[in-house]
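Here the structure comes first, spelled out in structure tokens, and everything after it is commentary.
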Amino acid sequence: MITKLSIEQAAYLAGFVDADGSILAQIVRRKDYVLKFQIRVSVLCIQKMSHIHHLRKFKSEIGKGTSRDRGDGIAEFAIVGHKNVSAFLKQILPYLRTKQKQGNLVIRICEQLDQTKNDPQKFLHLCELADRVAKLNDSKKRINTVQTVEKHFLDVGLIKK
């Protein structure tokens with residue numbers, strides 16, 4: 001359960017996400033899923049390893065998330081999963097400046113994700129939203145897009161042209 005943040009905490013964390021964070025929606029292949037893909041949503045913040053104590057404090061304030069040493073001199077704090085990400089983003093959204101569009105899109109994805117488990121058309125709609133998030137983030141290393149998922153769904157007969 002995400003902790004109810006004070007206005008000051010929410011504004012501070014929003015500023016941190018705007019400056020040193022990312023709001024992500026990634027399309028991931030999953031052999032164990034009915035549709036063979038998952039949309040993974042997350043909020044990440046990074047710092048130099050010498051400042052990992054800031055990220056650890058986030059976890060104690062927010063009540064969820066993990067902090068880790070990436071192994072390259074950078075520490076990372078992550079909140080993953082649509083329920084936690086949605087609850088966190090809804091609290092910081094009014095204070096986001098540069099990543100407000102990503103926040104809004106990811107909240108929309110989170111709110112609809114449970115309705116897509118067996119519905120290829122609804123899932124494709126969320127993949128379109130995930131692609132919009134990636135475009136806003138200037139993502140360059142993406143492998144899976146709405147086109148990748150749509151081609152797979154066509155190939156296996158889940159949808160028709």
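On the basis of being small (Gly, Ala, Ser) and in a helix (DSSP H, G or I), does Ala130 make the cut? In short, yes. Could you look through segment 129-161, keep only residues that are charged (D, E, K, R), within 15 Å of the chain's Cα centre (by Cα) and surrounded by 16 or more Cβ atoms within 10 Å (Cβ to Cβ), and pick out the one that is farthest from Phe37 (Cα to Cα)? So, considering only residues that are charged (D, E, K, R), within 15 Å of the chain's Cα centre (by Cα) and surrounded by 16 or more Cβ atoms within 10 Å (Cβ to Cβ), the one farthest from Phe37 (Cα to Cα) is Arg132.
Could you look through segment 115-127, keep only residues that are assigned to a helix (DSSP H, G or I) and open to solvent by less than 80 Å² (accessible area, probe 1.4 Å), and pick out the one that is farthest from Leu24 (Cα to Cα)? For segment 115-127, the residue satisfying everything is Pro120.
The values are calculated or read from the model by the stated rules, or taken from the named source; none is laboratory data. Only a predicted model underlies this, so the values are computations on that prediction, with no experimental measurement involved. When we count neighbours, we look across all protein chains shown, and the Cβ atoms used for this are built from the backbone with ideal geometry, even at glycine. In case anyone asks, the SASA skips ligands and DNA or RNA and just uses the protein heavy atoms, side chains included. Shrake-Rupley method; radii C 1.70, N 1.55, O 1.52, S 1.80 Å.
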